[in-house]
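Engineer: Sharing a structure below in structure tokens format, with a few things to ask.
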Amino acid sequence: MKRRLLNSTLAVVLVTVALFSVPLALVEKRSIEGAAQDSVRTEALHLLGVVENRYAAREPIDPAALTGLNDKGSERYATISIPGHEPITLGSPPRGGNPVTATETGPHGETVVVQESREPVDASVLRMLLLLVGVAALTIAAAMALALWQAKRITRPLLDLAETAERLGSGDPRPRQRRYGMAELDRVGEVLDQSAERIGRMLTAERRLAADASHQLRTPLTALSMRLEEIVETDDLGTVKEEAAIALGQVERLTDVVQRLLTNSRESRNTSAVAFDVDEVIKQQAEEWRPALRRYGRKLYLEGPPGLWAVGTPGAVAQVIAALVENSLMHGDGSVTLRTRVRDTKVVIEVQDEGAGVPDELGARVFERAVSGHNSTGIGLAVARDLAEADGGRLELLSQRPPVFALFLAGHSDD
């Protein structure tokens, strides 16, 4: 591109210089030649006037009488012809051919011819041409320097924009916020920065979805695996049917988890909240988590008044409770208590264990992503809070010691 800009600028400058210099040279050449011709003609008229005056006064007309009248002295050559007299010559014949010549004739037949060498005229024309060539060369040089600077000024931003586009294509979506003082290029840079921000948000959302899916699917798959193991280990047909029915329910909830994750990745607010029986969700989660807690010698207790109804999405509420129970299983100790109660117009579901509690340094940040005190992913509680808020509720840490997490949902009467 730089070469094209230089070539196009050079072509434009050459055409401009040619269109300007050639006519100017012709005009100047004619002006110099005209000035020389006028000077010689003026000299001829002057000599003719002197001759006529002397002729009218009957004074002698000879070389001695006319000596000194030739302004240019020996540089010009004059020939005076008078009827009845010998021709009179002044000066020396000019060198070279094609001299500048002027001829004037008086009323009495006298003729004056003045000649001047063309060498001074040619020298003046040559100096004029050299001056024009010098000016043209300086003009071309200045134009090329300006074109080179302009080409660098344009190509550098283009190369920088190409590098930015390449970085976007290679997976680096950081906006560079570079501007170049040219509206068109600044517009391209602005669009690339906006695209980088959008790509960054998309990549963040995709990574977050992958992390959430990995974390949220792990718990249902673990519970399902336990059920299948119990089916394999028992020979009782009734137990097999019971465990299979529970496993099918877990598969349905697993499907709901996947759908929930996809929905939350596209929508920031859930619009499918309904009134549901809190006891059913609590019972279902207790059945899922008792085998896992039993393996570690821990128990699960249910407390609270029966018959509570809340507004929300049962699948989302189940996922939040599962995340809290799993958190107690991984980071807590002793028995786990699922407690329900009513506070004002809210239905509160609490999860408590008998562990050491939440460290002081994590108390205010326990719901942040990648924050964990035991080298875990730090995703579970963050996803749980997102699910609760998307469902119209809220998730809080009520107590650090003992650790008590509470899910607040809008209450609903079953009347």
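The values are calculated or read from the model by the stated rules, or taken from the named source; none is laboratory data. Because the structure is a prediction, the values reported are computed rather than measured. Every residue, glycine as well, gets a Cβ built from its backbone with ideal geometry; the counts of neighbours run over all protein chains shown. Heavy atoms of the whole protein, side chains included, go into the accessibility calculation; ligands, DNA and RNA do not. Shrake-Rupley method; radii C 1.70, N 1.55, O 1.52, S 1.80 Å.
Engineer: Look at the range 324-344 and say how many of its residues are modelled with pLDDT of 90 or more and either part of a strand (DSSP E or B) or among the polar types (S, T, N, Q) (or both).
Structural biologist: 10
Engineer: Pairs, please: C-beta under 7 Å, at least 6 apart or cross-chain, first residue touching a residue at least 60 places away in the same chain (Cβ under 8 Å) and in the range 95-106, second part of a loop (DSSP other than H, G, I, E, B) and of a type outside the set (Gly, Ala, Ser)?
Structural biologist: Listed by first residue and then by second, the contacts come to 100/118.
Engineer: Something else now. Select from the range 77-118 the residues that are acidic (Asp, Glu) and in a strand (DSSP E or B) and write down the one among them that is farthest from residue 36 (Cα to Cα).
Structural biologist: Ranking the candidates gives 104 first.
Engineer: Mind checking which residues of the range 59-106 are charged (D, E, K, R), modelled with pLDDT of 75 or more and over 13 Å from residue 40 (Cα atoms)?
Structural biologist: Listed by number, the residues that qualify are 59, 86, 95.
Engineer: If you check residue 312 against the conditions, is it touching a Leu at 6+ places or on another chain (Cβ under 9 Å) and open to solvent by 30 Å² or more (accessible area, probe 1.4 Å)?
Structural biologist: So residue 312 fails the test.
Engineer: Further, regarding this structure: With the requirement that a residue be touching a residue at least 60 places away in the same chain (Cβ under 8 Å) and not aliphatic (A, V, I, L, M), what does the range 137-156 give you?
Structural biologist: Those that are touching a residue at least 60 places away in the same chain (Cβ under 8 Å) and not aliphatic (A, V, I, L, M): 139, 150, 152, 155.
Engineer: Checking the conditions here, which among 135, 121 is modelled with pLDDT of 85 or more, in contact with a strand residue (DSSP E or B) (Cβ under 9 Å, 6 or more places away or on another chain) and not in a loop (DSSP other than H, G, I, E, B)?
Structural biologist: 121
Engineer: Within the set of pairs 6+ apart or on separate chains, which have a first residue in the range 44-56 that is assigned to a helix (DSSP H, G or I), a second that is among the acidic types (Asp, Glu) and open to solvent by less than 60 Å² (accessible area, probe 1.4 Å), and C-beta atoms under 9 Å apart?
Structural biologist: Between residues of the range 44-56 that are assigned to a helix (DSSP H, G or I) and residues that are among the acidic types (Asp, Glu) and open to solvent by less than 60 Å² (accessible area, probe 1.4 Å), the close pairs are 44/104; 45/104; 47/104; 48/104; 48/110; 51/110; 52/110; 55/110.
Engineer: Check off (1) open to solvent by 40 Å² or more (accessible area, probe 1.4 Å); (2) under 15 Å from residue 8 (Cα atoms) for residue 135 and give me the number that stays unchecked.
Structural biologist: Here residue 135 clears every test but (2).
Engineer: Scanning the range 74-105 for residues that are under 30 Å from residue 58 (Cβ atoms) and in contact with a Phe, Trp or Tyr (Cβ under 8 Å, 6 or more places away or on another chain), which turns out most open to solvent (accessible area, probe 1.4 Å)?
Structural biologist: Top of the filtered list is 89.
Engineer: Continuing with the same structure: Residue check: is residue 12 of a type in the set (Val, Ile, Thr), more than 53 Å from the chain's Cα centre (by Cα) and modelled with pLDDT of 85 or more?
Structural biologist: no
Engineer: With respect to residue 301, determine if the residue is modelled with pLDDT of 90 or more, hydroxyl-bearing (Ser, Thr, Tyr), surrounded by fewer than 22 Cβ atoms within 10 Å (Cβ to Cβ) and out of contact with any Pro (no Cβ under 7 Å at 6 or more places or on another chain).
Structural biologist: For residue 301, the condition - modelled with pLDDT of 90 or more, hydroxyl-bearing (Ser, Thr, Tyr), surrounded by fewer than 22 Cβ atoms within 10 Å (Cβ to Cβ) and out of contact with any Pro (no Cβ under 7 Å at 6 or more places or on another chain) - is met.
Engineer: Pull up the range 274-298, narrow it to residues that are touching a helix residue (DSSP H, G or I) at 6+ places or on another chain (Cβ under 9 Å) and assigned to a strand (DSSP E or B), then point me to the one that is least open to solvent (accessible area, probe 1.4 Å).
Structural biologist: Among them, the one singled out is 276.
Engineer: Does residue 399 meet the test of being among the hydroxyl-bearing types (Ser, Thr, Tyr) and at pLDDT 90 or above?
Structural biologist: yes
Engineer: Would you call residue 151 closer than 20 Å to residue 21 by Cβ, of a type in the set (Gly, Ala, Ser) and out of contact with any strand residue (DSSP E or B) (no Cβ under 7 Å at 6 or more places or on another chain)?
Structural biologist: Details: closer than 20 Å to residue 21 by Cβ: no; of a type in the set (Gly, Ala, Ser): yes; out of contact with any strand residue (DSSP E or B) (no Cβ under 7 Å at 6 or more places or on another chain): yes.
No.
Engineer: Let me ask something else. Does any residue in the range 318-344 that is touching a residue at least 60 places away in the same chain (Cβ under 8 Å) come within less than 6 Å, Cβ to Cβ, of a residue that is acidic (Asp, Glu) six or more places away or on a different chain, and which pairs are these?
Structural biologist: So the pair list comes out as 328/353; 332/353.
Engineer: When only residues in the range 156-199 that are among the acidic types (Asp, Glu) and under 28 Å from residue 5 (Cβ atoms) count, which is surrounded by the most Cβ atoms within 10 Å (Cβ to Cβ)?
Structural biologist: The qualifying residue surrounded by the most Cβ atoms within 10 Å (Cβ to Cβ) is 193.
Engineer: Can we say residue 318 is of a type outside the set (Phe, Trp, Tyr) and under 41 Å from the mean Cα position of the chain (by Cα)?
Structural biologist: It is false that residue 318 is of a type outside the set (Phe, Trp, Tyr) and under 41 Å from the mean Cα position of the chain (by Cα).
Engineer: Here is a further query. Can you pull out every residue in the range 4-38 that is under 19 Å from residue 98 (Cα atoms) and of a type in the set (Gly, Ala, Ser)?
Structural biologist: Of the range 4-38, the ones under 19 Å from residue 98 (Cα atoms) are 29-38.
Across the range 4-38, the qualifying residues are 31, 34, 35, 36.
Engineer: Of all residues in the range 157-190, how many are part of a helix (DSSP H, G or I) and either in contact (Cβ under 8 Å) with a residue 24 or more places away in the chain or more than 30 Å from residue 14 (Cα to Cα) (or both)?
Structural biologist: Number of matching residues: 18.
Engineer: Let me ask you something else. Modelled with pLDDT under 80, among the hydrophobic types (A, V, I, L, M, F, W, C), open to solvent by less than 30 Å² (accessible area, probe 1.4 Å) and within 30 Å of residue 323 (Cβ to Cβ): does that describe residue 202?
Structural biologist: Taking the combined requirement at face value, the residue does not satisfy it.
Engineer: Do we have residue 385 as open to solvent by 20 Å² or more (accessible area, probe 1.4 Å), assigned to a helix (DSSP H, G or I) and more than 18 Å from residue 280 (Cα to Cα) here?
Structural biologist: Judged against the criteria, residue 385 is a match.
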